[in-house]
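The values are calculated or read from the model by the stated rules, or taken from the named source; none is laboratory data. Quantities reported herein were computed from a predicted structural model and do not represent experimental measurements. Heads up, the Cβs are rebuilt from the backbone with ideal geometry, glycines too, and the neighbour counts pull from every protein chain shown.
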Amino acid sequence: MGSLRETVRSLPKAELHRHIEGCVSTPAIIRLGRKHGLKLPSFDQAELDALVKLKAPMACLDDVLRMFAIAQSVFVSLEAVEEIVFEMLEHARLKENVVLLEARYSPDFMLRGKALDWGETLGLISRTCAAYEARHGVVCGVILIASRGYGLASAEKTVDFAVRHRRLIAGFDFADSEAAYPASLYRGLAARLRDAGIPLTVHSGEEGDYRMVEETLRELKPRRIGHGVRAADEPSGRLLEIIRSQGVTIETNPWSNYLTHAVDSIEAHPLPRFIRAGVKASIGADDPEILDTDLNKEYLLALERMGLELKDLVRVGRSAVEGSFLSADKKEEALRRMPEH
Ligand SMILES: [Zn+2]
């Protein structure tokens, strides 16, 4: 048992789906809360843990949103943002052996109600990642998110911002509220991103049904799908064949899907079916601090409860690198550090 854990921990990994806002540890919340004189519901680690970590499948979405609100409240200064991003990178490298990391955030969510400038904050996050990469060899990139729940004007503002800062980002994502804000609303924005040469991933098929994934592929033509769970429900297998033949990568997040009821159990997660269908699939932790997970836990779940083998996880890791939005030379560098089979 101990040795399987160590095998998993030491396996070089690539992470494509990690939200910076979901990477704020409880000690960081307390530390930054004290430093900036913030009003937190508690400054006791055990008490605060209970308020910011989802330990069992959620009772209602509002509970999770409250957890995110506490984590979001500490993004109050550039120093705070830098500390959080640095801690995220340290965890990924030292505890999970991540060699390629794409970190994403929604500027309108992270910085809502704050005095921070979007451009300065992105510049700082980008510099922090670049410096870390130069020093420690973890290749990294930043994905900007439009939070659909904030409405179309917010998405337009975020796409404008992304196009203006094209050089600093690896890609773009439309996240959350897919049922209320269907893909067709974003067709024009997706085309703008394509014209600007910005690769797109879309949170799709986490809720609703498989038709949403079909609509996302048709309307937005993303290179990757976040979650994509519902794609496996399409009965004929045609949708998975489309995903496979288009070379679209599905960024799976198994523990997240279990906690939000996208799957009833880890055993029922469609990752093994994606792999059997020849679809390129990655494994991500989504919001590791809030969901109390990381890639070690996700990989162990895949081995112990989904019936996958180590060679499948090696393939998942290589698929993640191949589906990454980073430059070809950075991907080469990451692939060189990963096992071949
Ligand atoms: Zn996500």
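To keep it simple, each residue is scored yes or no on (1) assigned to a helix (DSSP H, G or I); (2) polar (S, T, N, Q); (3) within 23 Å of Met306 (Cα to Cα).
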{"site": "Leu193", "(1), (2), (3)": "yes, no, no"}
{"site": "Thr201", "(1), (2), (3)": "no, yes, no"}
{"site": "Glu207", "(1), (2), (3)": "no, no, yes"}
{"site": "Arg218", "(1), (2), (3)": "yes, no, no"}
{"site": "Arg230", "(1), (2), (3)": "yes, no, yes"}
{"site": "Leu240", "(1), (2), (3)": "yes, no, yes"}
{"site": "Arg244", "(1), (2), (3)": "yes, no, yes"}
{"site": "Gly247", "(1), (2), (3)": "no, no, no"}
{"site": "Tyr258", "(1), (2), (3)": "yes, no, yes"}
Given (1) among the hydrophobic types (A, V, I, L, M, F, W, C); (2) under 17 Å from the mean Cα position of the chain (by Cα); (3) in a helix (DSSP H, G or I), identify the lone condition not met by Ala50. (2)
Looking at the stretch 264-277, which of the residues that are free of Cβ contacts under 8 Å to residues at least 12 places away in the same chain and outside any loop (DSSP other than H, G, I, E, B) is farthest from Phe68 (Cα to Cα)? Arg276
Single unsatisfied condition, Lys39 versus (1) away from the ligand (no atom under 16 Å from the Cβ); (2) free of Cβ contacts under 8 Å to residues at least 12 places away in the same chain; (3) within 22 Å of Gly149 (Cα to Cα): (3)
Residues of the stretch 156-191 classified as assigned to a helix (DSSP H, G or I) and either within 16 Å of the ligand (Cβ to nearest atom) or touching a Ser or Thr at 6+ places or on another chain (Cβ under 7 Å) (or both), total: 3
Going residue by residue through the stretch 142-150, is there one that turns out to be within 16 Å of the ligand (Cβ to nearest atom), over 25 Å from Leu101 (Cβ atoms) and either at pLDDT 95 or above or touching a helix residue (DSSP H, G or I) at 6+ places or on another chain (Cβ under 8 Å) (or both)? yes
Could you please give the count of residues in the stretch 278-305 that are under 30 Å from Asp62 (Cβ atoms), part of a loop (DSSP other than H, G, I, E, B) and away from the ligand (no atom under 16 Å from the Cβ)? 0
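Could you list, in sequence order, the residues of the stretch 246-274 that are within 13 Å of the ligand (Cβ to nearest atom) and of a type in the set (Val, Ile, Thr)?
Those that are within 13 Å of the ligand (Cβ to nearest atom) and of a type in the set (Val, Ile, Thr): Ile250, Thr252, Thr260.
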Within the stretch 115-135, can one find any residue that is in contact with a helix residue (DSSP H, G or I) (Cβ under 6 Å, 6 or more places away or on another chain) and surrounded by fewer than 16 Cβ atoms within 10 Å (Cβ to Cβ)? no
Contacts under 7 angstrom Cβ, first residue in the stretch 118-130 being among the charged types (D, E, K, R), partner surrounded by fewer than 17 Cβ atoms within 10 Å (Cβ to Cβ), 6 or more apart: Glu120/Leu78
Flagged in the stretch 164-181 as crowded, with 16+ Cβ neighbours inside 10 Å and touching a helix residue (DSSP H, G or I) at 6+ places or on another chain (Cβ under 8 Å), in numbering order, are His165, Leu168, Ile169, Phe172, Phe174, Ala175, Asp176, Glu178, Tyr181
Using the structure shown, decide if Val24 is closer than 30 Å to Gly323 by Cα, modelled with pLDDT of 95 or more and either within 16 Å of the ligand (Cβ to nearest atom) or of a type in the set (S, T, N, Q) (or both). yes
Which condition number in (1) away from the ligand (no atom under 16 Å from the Cβ); (2) at pLDDT below 95 is the one that Ile243 fails? (2)
